[in-house]
1. If you find the alpha carbon centre of region 12-84 and of region 122-183, how far apart are they in angstrom?
2. Using DSSP to define loop residues, name the chymotrypsin sites (Phe, Trp or Tyr not before Pro) in region 43-120 whose beta-carbon has at most 16 other beta-carbon atoms within 10 Å.
3. Semi-axes of the equivalent ellipsoid for the chain, please: Cα gyration tensor eigenvalues, times 5, square-rooted, ordered largest first, whole Å.
4. Per residue, how many Å² of accessible area does the chain show with a 1.4 Å probe?
5. Between 0 and 90 degrees, rounded to the nearest ten: what's the tilt of helix 102-124 against the longest Cα principal axis of the chain?
6. For Lys39, list the lysines whose Cα falls under 29 Å from its own Cα; do not include residues on the same chain fewer than 8 positions away.
7. Pull up all non-local amide H partners of Ala144: gap of 5 or more, or a different chain, and H-to-H distance under 5 Å with H placed in the peptide plane.
8. From Cα pairs below 8 angstrom and at least 6 apart in sequence, can you work out the relative contact order of the chain, rounded to a whole percent?
Amino acid sequence: MTENQEETNHTISEDSLETVEELQSQENEITEEIDEVEKMKNELSEKEDQYLRLQAELANIRKRNQKEKEDTAKYRSQSLATELLPVIDNLERALAIEVTDDQGESLKKGLEMVMESFKVALKNEGIEVLDPLNQPFDPNYHQAIQTAPLEEGQEADTVVNVFQKGYSLKDRVLRPAMVIVAQ
C-alpha cells in the first residue's frame, strides 16, 4: 500500500470512528428521550388514576350528602313526635276515666277532639301506632316488661297485653311498645 492509501484508510477509519461515536451518542440521547417519555407516560397514568379516584370520591360524597338530606327531611318530625308521645299517653289516660255528669262529659268530648287532632297530625307525618296485641313478640318493635303463663288457646311468645303503645316513624321505631308476653 502506498502512503496515500494508508493515509486515506486512516482518515476513513477516523471518520468512521467519529461517525460511530456520533451514532452512539445519538442513540444514547434517543434512549434517554425514550426513557423520559416512558417516565412521563407513567406519571400521566398515575395522575389520571388519581383524578378518576377523586372524581369517584366526590360522587360518593354527593350521594352521601343527598341521602343525609333525604333522611333529614324524612325524619324531620322525629324529635317533636318523641316529645309529644307522653302527652298523647296522658290524654289516653284522661279519656279512660269514667265521667257521670254533663260537665265531665263535655270535658271528655273536648279531650276526644284534641286526641283525634293528634292522631291526624301523627298520621300526616307518617307516625304510626304499634299496637301488637295478640301478635308474635318482636324485640325490634316491642319491649317485654313481664311474662304471663300460657292460657288455653294462646301460643308461646304472643303479646297478651299492651301496657304502653309503641310508635314508629316511617321505618324507625320512635318508642317500642311495652308488652306482656305469654310464655
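1. 56
2. none
3. That gives 93, 22, 8 Å for the three semi-axes.
4. Result: 79 Å² of accessible area for each residue.
5. Its long axis makes an angle of about 20 degrees.
6. Hits, sequence-local ones excluded: Lys47.
7. So Ala144 has HN proximity to Val179.
8. 16
The values are calculated or read from the model by the stated rules, or taken from the named source; none is laboratory data. Values in this document were obtained by computation on a predicted structure and should not be read as measured data. Because the Cβ atoms are built from the backbone with ideal geometry, glycine has one as well, and the counts that use them run over all protein chains shown. Just so you know, the surface numbers come from the protein's heavy atoms only, side chains and all, with ligands and any DNA or RNA stripped out. Shrake-Rupley method; radii C 1.70, N 1.55, O 1.52, S 1.80 Å.
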